[in-house]
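Contents: one structure, followed by commentary.
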Amino acid sequence: MKHLFKKVLVCTICFSLGSVFAASQDTASEETIWLSSLDVSRVEQGWGQARSNRSVDNRRMMIAGQRYQNGIGTHANSSIPLLLDGNGVELSGRAGLDDETRNRGSVVFQITADGKEIWTSGLMRPGDAAKEFTLDVKGVKALTLLALDGGDGFDYDHADWVDLKITMINNGKPKLDIPPIEDAVILTPKPAASPRINGAKVFGVRPGSPFLFRIAATGDRPMTFSADGLPSGLTLDSETGQITGKLEKAGEYKVMLHAKNALGRADREFRIICGSQIGLTPAMGWNSWNCFASAVTAESIKAAADAMVKSGLIDHGWTYINIDDFWQVHRDSKDPTLQGPKRSPDGRILPNPRFADMKGLVDYVHGKGLKIGIYSVPGPWTCGGCVGSFGHELQDAQQYAEWGFDYLKYDWCSYNPAFEDRRDDKDWNPYTSPNIQYSGGDHPIKGRAPFKRMHEALAQQPRDIIYSLCQYGMGNVWEWGTEVGGNSWRTTQDINDSWNSMSGIGFRQAGLEKHAGPGHFNDPDMLVVGHVGWGNPKPTKLTPNEQYTHISLWSLLASPLLIGCDMTKLDEFTLNLLTNDEVIEVNQDPLGRQAGRITQEGTREVWAKQMEDGSMAVGLFNRSQREQTVTITWSDLEITGQQSVRDLWRQKDLGKFTGQFQAQVGRHGVVLVKIAPAK
Ligand code: GLA
């Protein structure tokens, strides 16, 4: 018989850039290909992004002290799906944990061929030498390289596949089995021309604080607003829908709001709860960080406020315009717009030259019917290296109130629980020597103290300031965030606009639902739709389905909704995502419940939340790369009988169902429905 495969040339030197490892002159002969030559950026993994020839943290790959030039750096749980079409011969390489985890993490590497395991590394720990494999893959159609967490969660599981190459025949090429990105389909009809009242149905205010609430309503202008039962002390501007004034006495007031235009009128019940609790529904607004990061200026804040109004977002309940880091003077920046005196001689915080007229800026934003937020940290320096609040907490709270701020995001960077013991030590200066050794930020008491201190400072101010904690979930903040006065607390590290980051964070919120309620919410970080990019904004890398998943999940989670994009570049798709009032109502529901995970079958998950009107908001999610059918049964939802199902993104009734509801859900997508007893 004729020899079918003839190795013509065997090259032992690797070409650093080329994908072909050993070329052949004969079409039927073998070719060896580095798998790092594939575009691995859309590989699914638990954290970060897979990289060619670099670790997940974008460093040179190193396993047990040994450097590797070639390979794929991933993070558990990751799956690299390859199509070989039966043209593979041999797969070889090594796998191990990257030394960059500094002795943390554990991973099990696994390779499957057409669904069957053909190799596993067993449990690997940091410092283990890379494990080698050489596998026969003749006739295999689909090969999957998995890096799974070692049973202790996936934190620090930086998993490297190195020297990873495959020999192919018949000119076959390994392909990544990742389907193309779907079209951006707008699902939601435009708001009607007749009036509809949107936004929060319940509002908390403290006695004596200025009342600031604008009735959000869509529909043609001119529109006239009125209200029945408005308690004395409050007045409503019939043209703008702005309610202002003061309530002196604690109590609950039921008001009926009306909005009227040439085409009709809308009425809506509105509850005012005057007491100690504010922020009864999750904050909705915008924050500068995900878009501008250190490049934020007063002009970009004004432009965001302008766009919030011009785009109509304000009419759907979007309210806060929040300045993140970099409004203060920087520790040592060379940029003159970040330089200047850090505090006045009497200790008052001074904005940097970009925010020369802070009061003017606050008034400008208020003048648009919006509210405004500011940012600080309990330590001496913010995460970006600007002046923090350490030792000046009360003074800073007073200053925010004097300027007229309505919201404070209080981050963590540069704080150290050991500071708690040194606050009164005159010989110690945290600004010049902040590096006290401390093992972590989750000290059970000392890690809470700085947040409580700022809460007490805010509570003394003559205006209501929403308090947003940002310490990334340390010390199970959800268990004590309410105690230290938090209206919300970040539960995770920073989000970015990748599927792995967004979905990893979002779906990891399961179990935290018992800690959320009116006035205190879990915060899985800001929205990454539209143009985002931390100083270099570009269209989000989330696909259209992933963006629907993002907004649906954050709505179900009763998470603060803070848009992170360049508001001057809102496109129609993004605007549609942010203006579906039925979806927003899921987020703003007065019960303040956070959805829990009801079922999980592989990559299919159903999450549901109880709504005030007796219905349930239910998200059917598909975390896989292919369309799937997702089913929810009434028994899983603990409901019975005939139920009406409404598709919230399409704002369309789907009919009456008994026993269960089933939907085709696109890759990384969602079908978000409201299920209510059929009339
Ligand atoms: C941290 C926070 C971010 C942002 C930056 C500012 O990383 O988590 O949301 O506020 O600090 O420096």
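Say we look at the range 519-539 and pick out the residues that are β-branched (V, I, T) and in a loop (DSSP other than H, G, I, E, B); which of these is nearest to the ligand (Cβ to nearest atom)?
V528
From the set of residues in the range 462-484 that are open to solvent by less than 20 Å² (accessible area, probe 1.4 Å), out of contact with any Ser or Thr (no Cβ under 7 Å at 6 or more places or on another chain) and part of a loop (DSSP other than H, G, I, E, B), which is nearest to the ligand (Cβ to nearest atom)?
C470
Under the condition of being open to solvent by 50 Å² or more (accessible area, probe 1.4 Å) and outside any strand (DSSP E or B), which residue from the range 220-234 is farthest from A192 (Cα to Cα)?
S232
Does A129 count as under 26 Å from G65 (Cβ atoms) and either open to solvent by less than 10 Å² (accessible area, probe 1.4 Å) or charged (D, E, K, R) (or both)?
Taking the combined requirement at face value, the residue does not satisfy it.
In the range 278-307, which residue that is away from the ligand (no atom under 16 Å from the Cβ) and under 21 Å from V586 (Cα atoms) is surrounded by the fewest Cβ atoms within 10 Å (Cβ to Cβ)?
Result: I278.
I'm trying to understand the selection: among the residues of the range 162-191, which are open to solvent by less than 60 Å² (accessible area, probe 1.4 Å), modelled with pLDDT of 95 or more and more than 25 Å from the chain's Cα centre (by Cα)?
If the condition is that a residue be open to solvent by less than 60 Å² (accessible area, probe 1.4 Å), modelled with pLDDT of 95 or more and more than 25 Å from the chain's Cα centre (by Cα), then V162, D163, L164, K165, I166, T167, M168, I169, G172, P174, L176 are the ones that fit.
Would the range 427-437 turn up any residue that is in the same structural domain as E479 (by TED's automatic domain parsing), modelled with pLDDT of 85 or more, out of contact with any helix residue (DSSP H, G or I) (no Cβ under 6 Å at 6 or more places or on another chain) and among the charged types (D, E, K, R)?
No, the range 427-437 has no match at all.
Quick check, is G241 out of contact with any helix residue (DSSP H, G or I) (no Cβ under 6 Å at 6 or more places or on another chain) and under 22 Å from T579 (Cα atoms)?
yes
Within the range 438-459, is even one residue more than 16 Å from the ligand (Cβ to nearest atom) and in contact with a Lys or Arg (Cβ under 7 Å, 6 or more places away or on another chain)?
Looking through the range 438-459, none of the residues is more than 16 Å from the ligand (Cβ to nearest atom) and in contact with a Lys or Arg (Cβ under 7 Å, 6 or more places away or on another chain).
Give me a count of the residues in the range 143-155 that are surrounded by 21 or more Cβ atoms within 10 Å (Cβ to Cβ) and at pLDDT below 95.
Result for the range 143-155: 1.
List the number of the failed condition for G46; all other conditions in (1) touching a Gly at 6+ places or on another chain (Cβ under 6 Å); (2) free of Cβ contacts under 8 Å to residues at least 40 places away in the same chain hold.
All conditions pass for G46, except number (2).
Considering the range 261-309 alone, what residues qualify as being in a loop (DSSP other than H, G, I, E, B), of a type in the set (A, V, I, L, M, F, W, C) and either under 16 Å from G367 (Cα atoms) or within 25 Å of the chain's Cα centre (by Cα) (or both)?
Of everything in the range 261-309, those that are in a loop (DSSP other than H, G, I, E, B), of a type in the set (A, V, I, L, M, F, W, C) and either under 16 Å from G367 (Cα atoms) or within 25 Å of the chain's Cα centre (by Cα) (or both) turn out to be I278, L280, A283, V296.
Can you give me the number of residues within the range 310-339 that are open to solvent by 10 Å² or more (accessible area, probe 1.4 Å), away from the ligand (no atom under 16 Å from the Cβ) and not in a helix (DSSP H, G or I)?
Residues flagged as open to solvent by 10 Å² or more (accessible area, probe 1.4 Å), away from the ligand (no atom under 16 Å from the Cβ) and not in a helix (DSSP H, G or I) within the range 310-339 amount to 6.
For residues that are among the basic types (K, R) and modelled with pLDDT under 95, scanning just the range 438-461, find the one that is surrounded by the fewest Cβ atoms within 10 Å (Cβ to Cβ).
Result: K446.
Of the residues that sit in the range 82-114 and are touching a His at 6+ places or on another chain (Cβ under 8 Å) and open to solvent by 10 Å² or more (accessible area, probe 1.4 Å), which one is nearest to Y156 (Cα to Cα)?
Step by step, filter the range 82-114, then rank; the result is G105.
Which one is surrounded by the most Cβ atoms within 10 Å (Cβ to Cβ), of the residues in the range 353-389 that are away from the ligand (no atom under 16 Å from the Cβ) and part of a loop (DSSP other than H, G, I, E, B)?
L370
Looking only at the range 397-427, filter to residues that are within 16 Å of the ligand (Cβ to nearest atom) and of a type in the set (D, E, K, R); which one of those is surrounded by the most Cβ atoms within 10 Å (Cβ to Cβ)?
Residue satisfying both the conditions and the ranking: K409.
The values are calculated or read from the model by the stated rules, or taken from the named source; none is laboratory data. In this text the structure is predicted, and so the values were computed from the model without any measurement. Glycine gets a Cβ as well: all are built from the backbone with ideal geometry, and neighbour counts include every protein chain shown. In case anyone asks, the SASA skips ligands and DNA or RNA and just uses the protein heavy atoms, side chains included. Shrake-Rupley method; radii C 1.70, N 1.55, O 1.52, S 1.80 Å.
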